[in-house]
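The values are calculated or read from the model by the stated rules, or taken from the named source; none is laboratory data. Because the structure is a prediction, the values reported are computed rather than measured. Glycine also receives a Cβ, built like all others from the backbone with ideal geometry; neighbour counts cover every protein chain displayed. These accessible areas exclude ligands, DNA and RNA; they are computed on the full protein's heavy atoms, side chains included. Shrake-Rupley method; radii C 1.70, N 1.55, O 1.52, S 1.80 Å.
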Amino acid sequence: MAPSMREPTYFILLAMAEGARHGYAITSTARELSAGRVRLAAGTLYGALDRLAADGLVEPDGEEVVEGRKRRYYRLTELGRGRLREEVEHLEAKLAASRKVLSAPGSTRVAGRAS
């Protein structure tokens, strides 16, 4: 399994899970999906998209000019969709382990031993 991805990367990929999006839509969707935790500046977003494209997780999906400004669209690749699914499985496993520990009677564990 690949290492856990950083939260901004996760929400960038998740923002494109329903289809191609342009930069501003990725940023606003990631902010919404993360309940405001992920706020991406344009430079940060496009740097991340370049890295994700180099890793084969996203790819350009056309561009258009709107009000004199170029909008570049990106979409998940199959590899990106698979990596996103892996991350969801990883998060689900962490959540299940957390719930198990926290719901156990006397769940105040300290350094590997029950208190």
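Please go through (1) under 20 Å from Glu7 (Cα atoms); (2) open to solvent by less than 90 Å² (accessible area, probe 1.4 Å) for Val66 and return the number of the only condition it doesn't satisfy.
The single condition Val66 does not satisfy is (1).
Identify all residues within the range 69-97 that are open to solvent by less than 40 Å² (accessible area, probe 1.4 Å) and of a type in the set (Ser, Thr, Tyr); write none if there are none.
Answer for the range 69-97, where residues must be open to solvent by less than 40 Å² (accessible area, probe 1.4 Å) and of a type in the set (Ser, Thr, Tyr): Tyr74, Thr77.
Which of the residues belonging to the range 1-57 are in contact (Cβ under 8 Å) with a residue 24 or more places away in the chain, among the β-branched types (Val, Ile, Thr), open to solvent by 20 Å² or more (accessible area, probe 1.4 Å) and touching a helix residue (DSSP H, G or I) at 6+ places or on another chain (Cβ under 6 Å)?
Across the range 1-57, there are no qualifying residues.
What do you reckon, is Pro3 modelled with pLDDT under 95, more than 11 Å from the chain's Cα centre (by Cα) and not hydrophobic (A, V, I, L, M, F, W, C)?
The answer is yes for Pro3.
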